[in-house]
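What follows is a set of notes on a single structure, which appears directly below.
The values are calculated or read from the model by the stated rules, or taken from the named source; none is laboratory data. Keep in mind that what you see is a predicted model, and the values were worked out from it rather than measured. All Cβ positions, glycine included, derive from the backbone under ideal geometry; neighbour counts span all protein chains shown.
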Amino acid sequence: MAMTDKVSTCLWFDRNAEEAVAFYTSVFKNSKVLAVTRYGDAGPGPKGSVLTIAFTLDGRDFLALNGGPHFTFTPAISLVVTCADQAEVDDMWDKLIDGGAPQQCGWLTDRFGLSWQIVPAALQDMIQDDDAERSNRVMAALLKMVKLDIGELESAYRQ
């Protein structure tokens, strides 16, 4: 099965792309493995081991590559998960942080070192409000948080 997005994201793993893809596709609905490519005689990985895995997360195309230890993830690139409500923020946060570490402002690093932002959909509207005092209050509240709390953000917005 071919990937369908014209532009997609390739995630470089040392040797654990299979484990990562199994984890990510278990977290997101509408997710599946599309294709697995294995190393052949030419290498550089062991013949038969996984080279790439094409997969979707909630309908978005990704490619996982077992490329070796040459490169690792940094927070300079993150995946943003926009959540409808606090229950979804909590659910996504709890699943993705398993084995990972919390960061500030709704960010976390998962067990594979990939950075994620778990944000409520309403946040953009609050931060981009034409009332500068409102948006500044929301930003000040956000900067004090680790996992985002919609109730606290909305309270800062309504003050």
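Residue-level check: of (1) loosely packed, with under 12 Cβ neighbours inside 10 Å; (2) assigned by TED's automatic domain parsing to the domain that holds MET145; (3) on the phi > 0 side of the Ramachandran plot; (4) not polar (S, T, N, Q), GLY43 misses just (2).
Scanning region 118-159 for residues that are crowded, with 17+ Cβ neighbours inside 10 Å and among the polar types (S, T, N, Q) returns a single hit, SER135. Restricting attention to region 83-92 and to residues that are surrounded by 12 or more Cβ atoms within 10 Å (Cβ to Cβ) and over 10 Å from the mean Cα position of the chain (by Cα), the residue that is nearest to PRO120 (Cα to Cα) turns out to be CYS83. When LEU11, LEU96, LEU114 are checked against the criterion of being closer than 25 Å to GLU152 by Cα, under 12 Å from the mean Cα position of the chain (by Cα), surrounded by 13 or more Cβ atoms within 10 Å (Cβ to Cβ) and of a type outside the set (S, T, N, Q), a single residue qualifies: LEU96. Figure legend. Inter-residue proximity from region 134-159: first residues free of Cβ contacts under 8 Å to residues at least 12 places away in the same chain and assigned by TED's automatic domain parsing to the domain that holds VAL119, second residues surrounded by fewer than 19 Cβ atoms within 10 Å (Cβ to Cβ) and part of a helix (DSSP H, G or I), beta-carbon distance below 7 Å, spacing 6+ or different chains. Indicated pairs: SER135/ILE127.
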